[in-house]
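Asker: Below you will find the structure I want to go over with you.
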Amino acid sequence: MLHLSEKPHFIYTCLMLLAWVSQYVSLSTGFELNHSLTYIWPLPHELTSGNETLTVNPTLSLSLIGKGGNFKILREGFRRYKRIIFKQSSGVSIFKNLRRIRSIYDISQMRIIVNSDSDELKLGVDESYTLFITKTGGKSTAWEAIIDVNTVYGALRGLETFSQLCAYDYTTKSVQLSKAPWYIKDKPRFAYRGLLLDTSRHYFPVDVIKSIIDSMSYAKLNVLHWHIIDEQSFPLEIPKYPKLWNGAYTKWERYTVEDASKIVRFAKTRGIHVMAEVDVPGHAKSWGVGYPDLWPSTSCREPLDVTKNFTFDLISGIFSDIQKTFPFELFHLGGDEVNIGCWNNTPHVKQWLKDNNMKPKDAYKYFVLKAQEIAISKNWTPVNWEETFNAFAGSLNPQTVVHNWLGPGVCPKAVAKGFKCIFSNSDVWYLDHLDVPWEQIYNAEPLEGIDNESKQKLVLGGEVCMWSEMVDTSNVQQTIWPRAAAAAERLWSTKTALSAGNDTVLHRLHYFRCLLQRRGVQAAPVTNYYARQPPVGPDSCYWQ
């Protein structure tokens, strides 16, 4: 897929100059929190708050109660968030030494109640949580922090929210929590909240992928759509067919089975699914580097050869190997941008088409349906790009999830025919389109044109896509963030919560961008005309 639109803009220089001047004007004002706003991203479903400021003990302890109290995922998650919250605090606070008389912190324990004993991560797993920051009973002046959840994954979402309530105060040199008491009851609007990462156009090392997964968890995204292979390279090890990764760029730009397993396990500890994609029959030229018989001819190297049993045996072998690593129930089969004319210009394929009374478009359908059949036989739910739906909706397996990308209006058509749908309209949710501002991403609505409530439930959610023709390790996070956060809030928060004006949202998004930077994520300025452009002048991160 070529998803590139880095278009020059004749007024860009003027816009940057204006931004630079306005930023210099703002230097004297500084940044002040608007205390009427809730600086939690994405915005919770329901909340109330007070006006007290509390201190949080850097030795904050964890008390686990309920059926899920022994889960390693939750204990590791608590330790991870504790490192984030107290990044600037030592084990013994200077503030505590200064206070001498009052050496008791307001919050010294986090209590998490987990009501389920399962840590299975399936689409639609309960991610809801209730967070209380409240005074303990009786005459005590102590406070307690409580997260009440059904699953460990809800607890992870609650810990993320708690971490965003905490902020280091440089005057007192302590971590403080403002606007207590808090009551937050929260749950996601959509079950599927994704980010596509393309590792075929450019290779991303395992540690970089892990850092992207970490950053996803901060915005409560929960699906990494790993577009692992494409026509340019085949970096993934397939033990049954070891020559396939001869199609990698180099011997060093590869993922072993162990690498992929590490990524999937790492993502699970953040409550994030990993959905693999094997795009067929197009976008597969790299496959033939190791197995040239997959090419119809040397002048027709994709789509894959539809005439040979070997093609489908190999696809089945790939699926069998991948299934051992990727347990997520959705599996992406691609199916987009297939140059079927190439088949018609290859003698043996042309003869096969004639023998089977097919035209190239019929062979395209035959290939997609056969790949779906193989995937379903391995208990996967197939996901296909929307071209398959546009071309032969009536023949697709009823389990098919239609993945929109070409433009608006596809999900309404798909759900009207009973299919599930994922929204990724490339006009607004393709992150490689650098001239799409955060407002357009934020205002895109996955349910647009779908008024029937039962049909709305067929929209699983949506996904922003980071195609990597012009992205590699040097600039990937700057291109993803903060614009992906705009989609993340759209997918998590209720329509009521999102009804505030863009000025309010922008204030909050500036704050979240700075939070990402404090956590080591190279998030670009929010309001520059071109995504990932560096700042145009000196100023606080809150106004760039």
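The values are calculated or read from the model by the stated rules, or taken from the named source; none is laboratory data. On a predicted model such as this, the values are computed, not experimentally measured, just so you know. So basically every Cβ, Gly included, is an ideal-geometry build from the backbone, and we count neighbours across all protein chains shown. Just so you know, the surface numbers come from the protein's heavy atoms only, side chains and all, with ligands and any DNA or RNA stripped out. Shrake-Rupley method; radii C 1.70, N 1.55, O 1.52, S 1.80 Å.
Asker: I'd like the residue in the stretch 198-207 that is of a type outside the set (S, T, Y) and more than 14 Å from the chain's Cα centre (by Cα) and, out of all such residues, is most open to solvent (accessible area, probe 1.4 Å).
Answerer: Step one: filter the stretch 198-207 for residues of a type outside the set (S, T, Y), giving 198, 201-202, 204-207.
Pick out the ones that are also more than 14 Å from the chain's Cα centre (by Cα) and you get 201-202, 204-207.
Details: R201: 17, H202: 63, F204: 0, P205: 51, V206: 23, D207: 113 Å².
Applying the filter and picking the extreme gives D207.
Asker: With respect to Q522, determine if the residue is at pLDDT 95 or above, part of a loop (DSSP other than H, G, I, E, B) and either surrounded by fewer than 24 Cβ atoms within 10 Å (Cβ to Cβ) or charged (D, E, K, R) (or both).
Answerer: Details: at pLDDT 95 or above: yes; part of a loop (DSSP other than H, G, I, E, B): yes; either surrounded by fewer than 24 Cβ atoms within 10 Å (Cβ to Cβ) or charged (D, E, K, R) (or both): yes.
Yes: the conditions hold for Q522.
Asker: To continue, here is another question. Would you be able to say whether some residue in the stretch 281-304 is assigned to a strand (DSSP E or B) and in contact (Cβ under 8 Å) with a residue 60 or more places away in the chain?
Answerer: Going through the stretch 281-304, the residues assigned to a strand (DSSP E or B) turn out to be 297, 300.
Next cut, in contact (Cβ under 8 Å) with a residue 60 or more places away in the chain only: none.
Within the stretch 281-304, none of the residues are assigned to a strand (DSSP E or B) and in contact (Cβ under 8 Å) with a residue 60 or more places away in the chain.
Asker: For the structure I just gave you, tell me whether Y542 is in contact (Cβ under 8 Å) with a residue 24 or more places away in the chain, touching a Pro at 6+ places or on another chain (Cβ under 8 Å), open to solvent by 10 Å² or more (accessible area, probe 1.4 Å) and outside the structural domain of P408 (by the TED database).
Answerer: Details: in contact (Cβ under 8 Å) with a residue 24 or more places away in the chain: yes; touching a Pro at 6+ places or on another chain (Cβ under 8 Å): no; open to solvent by 10 Å² or more (accessible area, probe 1.4 Å): yes; outside the structural domain of P408 (by the TED database): yes.
In short, no.
Asker: Identify all residues within the stretch 331-344 that are surrounded by fewer than 23 Cβ atoms within 10 Å (Cβ to Cβ) and more than 30 Å from G461 (Cβ to Cβ); write none if there are none.
Answerer: Restricting attention to the stretch 331-344, the residues satisfying the condition of being surrounded by fewer than 23 Cβ atoms within 10 Å (Cβ to Cβ) are 336-337, 339-342, 344.
Scanning the stretch 331-344 gives N339, I340, G341, C342, N344.
Asker: If you scan the stretch 175-197, which residues turn out to be polar (S, T, N, Q) and buried (at least 20 other Cβ atoms within 10 Å of the Cβ)? Give the derivation first.
Answerer: Step one: filter the stretch 175-197 for residues polar (S, T, N, Q), giving 176, 178.
Matches in the stretch 175-197: none.
Asker: Across the stretch 470-490, what is the total count of residues that are under 28 Å from Y203 (Cβ atoms) and part of a helix (DSSP H, G or I)? Outline the logic, then answer.
Answerer: Just the residues of the stretch 470-490 that are under 28 Å from Y203 (Cβ atoms), to begin with: 470-488.
Then keep just the ones that are part of a helix (DSSP H, G or I); that gives 476-480, 483-488.
Looking only at that region, the number is 11.
Asker: Ok, one more. Please determine whether any residue of the stretch 492-507 is among the aromatic types (F, W, Y), open to solvent by less than 40 Å² (accessible area, probe 1.4 Å) and over 30 Å from G418 (Cβ atoms). Steps first, answer last, please.
Answerer: To start, the set of residues in the stretch 492-507 that are among the aromatic types (F, W, Y) comprises 492.
Add one more test, that the residue is open to solvent by less than 40 Å² (accessible area, probe 1.4 Å), and what stays is 492.
Subset that is over 30 Å from G418 (Cβ atoms): none.
No - not one qualifying residue is present in the stretch 492-507.
Asker: For the list (1) in contact (Cβ under 8 Å) with a residue 60 or more places away in the chain; (2) assigned to a loop (DSSP other than H, G, I, E, B); (3) within 20 Å of W352 (Cβ to Cβ), I need the number of the one condition that I238 fails.
Answerer: All conditions are met except number (3).
Residue-by-condition table, conditions (1) within 23 Å of A485 (Cβ to Cβ); (2) not β-branched (V, I, T):
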{"residue": "Y203", "(1), (2)": "no, yes"}
{"residue": "D207", "(1), (2)": "yes, yes"}
{"residue": "M216", "(1), (2)": "yes, yes"}
{"residue": "V223", "(1), (2)": "yes, no"}
{"residue": "I229", "(1), (2)": "no, no"}
{"residue": "Y241", "(1), (2)": "no, yes"}
{"residue": "N246", "(1), (2)": "no, yes"}
{"residue": "E258", "(1), (2)": "no, yes"}
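Asker: Quick one: is G462 under 27 Å from W226 (Cβ atoms) and at pLDDT below 95?
Answerer: Details: under 27 Å from W226 (Cβ atoms): yes; at pLDDT below 95: no.
Answer is no for this residue.
Asker: Can I ask one more? Check every one of the strands (runs of 3 or more DSSP E) wholly within the stretch 1-115 and list those with 2 or more residues that are open to solvent by less than 50 Å² (accessible area, probe 1.4 Å), in the same structural domain as V338 (by the TED database) and modelled with pLDDT of 95 or more. Outline the logic, then answer.
Answerer: Values: elements: 46-48, 52-66, 107-114.
Qualifying strands (runs of 3 or more DSSP E): none found.
Asker: Against the definition (assigned by the TED database to the domain that holds I209, basic (K, R) and either open to solvent by less than 10 Å² (accessible area, probe 1.4 Å) or in a helix (DSSP H, G or I) (or both)), how does R270 come out, yes or no? Lay out the reasoning, then the answer.
Answerer: Values: assigned by the TED database to the domain that holds I209: yes; basic (K, R): yes; either open to solvent by less than 10 Å² (accessible area, probe 1.4 Å) or in a helix (DSSP H, G or I) (or both): no.
No.
Asker: To continue, here is another question. Got a sec? Which of S261, S320, S316 is under 24 Å from E387 (Cβ atoms), outside any loop (DSSP other than H, G, I, E, B), open to solvent by 20 Å² or more (accessible area, probe 1.4 Å) and in the same structural domain as S377 (by the TED database)? Break it down stepwise before answering.
Answerer: Working: S261 fails: under 24 Å from E387 (Cβ atoms); S320 fails: under 24 Å from E387 (Cβ atoms).
Just a single option satisfies the conditions, and that option is S316.
Asker: Is it the case that some residue within the stretch 158-174 is part of a helix (DSSP H, G or I), farther than 20 Å from N57 by Cβ, β-branched (V, I, T) and open to solvent by less than 40 Å² (accessible area, probe 1.4 Å)?
Answerer: Checked against the condition, which is being part of a helix (DSSP H, G or I), farther than 20 Å from N57 by Cβ, β-branched (V, I, T) and open to solvent by less than 40 Å² (accessible area, probe 1.4 Å), the stretch 158-174 yields no hits at all.
Asker: Take F328 and decide whether it is touching a strand residue (DSSP E or B) at 6+ places or on another chain (Cβ under 6 Å), open to solvent by less than 40 Å² (accessible area, probe 1.4 Å), outside any strand (DSSP E or B) and modelled with pLDDT of 95 or more. Full working, then the answer.
Answerer: Details: touching a strand residue (DSSP E or B) at 6+ places or on another chain (Cβ under 6 Å): yes; open to solvent by less than 40 Å² (accessible area, probe 1.4 Å): yes; outside any strand (DSSP E or B): yes; modelled with pLDDT of 95 or more: yes.
Yes: the conditions hold for F328.
Asker: Would you call S424 touching a residue at least 60 places away in the same chain (Cβ under 8 Å) and either in contact with a helix residue (DSSP H, G or I) (Cβ under 7 Å, 6 or more places away or on another chain) or surrounded by 16 or more Cβ atoms within 10 Å (Cβ to Cβ) (or both)? If you could, list the steps in order and put the result at the bottom.
Answerer: Numbers: touching a residue at least 60 places away in the same chain (Cβ under 8 Å): yes; either in contact with a helix residue (DSSP H, G or I) (Cβ under 7 Å, 6 or more places away or on another chain) or surrounded by 16 or more Cβ atoms within 10 Å (Cβ to Cβ) (or both): yes.
Taking the combined requirement at face value, the residue satisfies it.
One line per residue, one yes/no per condition, for (1) part of a loop (DSSP other than H, G, I, E, B); (2) open to solvent by 10 Å² or more (accessible area, probe 1.4 Å); (3) not hydroxyl-bearing (S, T, Y):
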| site | (1), (2), (3) |
| --- | --- |
| A393 | no, yes, yes |
| L406 | yes, yes, yes |
| V415 | no, no, yes |
| D435 | yes, yes, yes |
| I441 | no, no, yes |
| E448 | yes, yes, yes |
| K455 | no, yes, yes |
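Asker: Filter the stretch 116-147 down to the residues that are within 30 Å of A191 (Cβ to Cβ) and of a type in the set (D, E), then identify the one that is surrounded by the fewest Cβ atoms within 10 Å (Cβ to Cβ).
Answerer: So, considering only residues that are within 30 Å of A191 (Cβ to Cβ) and of a type in the set (D, E), the one surrounded by the fewest Cβ atoms within 10 Å (Cβ to Cβ) is E120.
Asker: Please specify each residue of the stretch 305-319 satisfying the condition of being without any contact (Cβ under 8 Å) to a residue 60 or more places away in the chain, over 17 Å from Q351 (Cβ atoms) and of a type outside the set (A, V, I, L, M).
Answerer: Restricting attention to the stretch 305-319, the residues satisfying the condition of being without any contact (Cβ under 8 Å) to a residue 60 or more places away in the chain are 305, 307-311, 313, 315-316.
Filter once more, keeping what is over 17 Å from Q351 (Cβ atoms): 310, 313, 315-316.
Within the stretch 305-319, F310, D313, S316 qualify.
Asker: For the stretch 372-391, give me each residue that is in a helix (DSSP H, G or I) and either outside the structural domain of L197 (by the TED database) or open to solvent by less than 10 Å² (accessible area, probe 1.4 Å) (or both). Working first, answer last.
Answerer: The first filter runs over the stretch 372-391 and keeps only residues in a helix (DSSP H, G or I), leaving 372-377, 386-391.
Once the filter is applied, which keeps residues that are in a helix (DSSP H, G or I) and either outside the structural domain of L197 (by the TED database) or open to solvent by less than 10 Å² (accessible area, probe 1.4 Å) (or both), the stretch 372-391 yields Q372, A375, E386, T388.
Asker: Scan the stretch 241-258 residue by residue and report those that are within 28 Å of T388 (Cα to Cα) and either in a loop (DSSP other than H, G, I, E, B) or not assigned by the TED database to the domain that holds L221 (or both). Don't jump to the end; show me each part of the working.
Answerer: Looking only at the stretch 241-258, we keep the residues that are within 28 Å of T388 (Cα to Cα), and these are 241, 244-245, 247-248.
Listed by number, the residues that qualify are Y241, A248.
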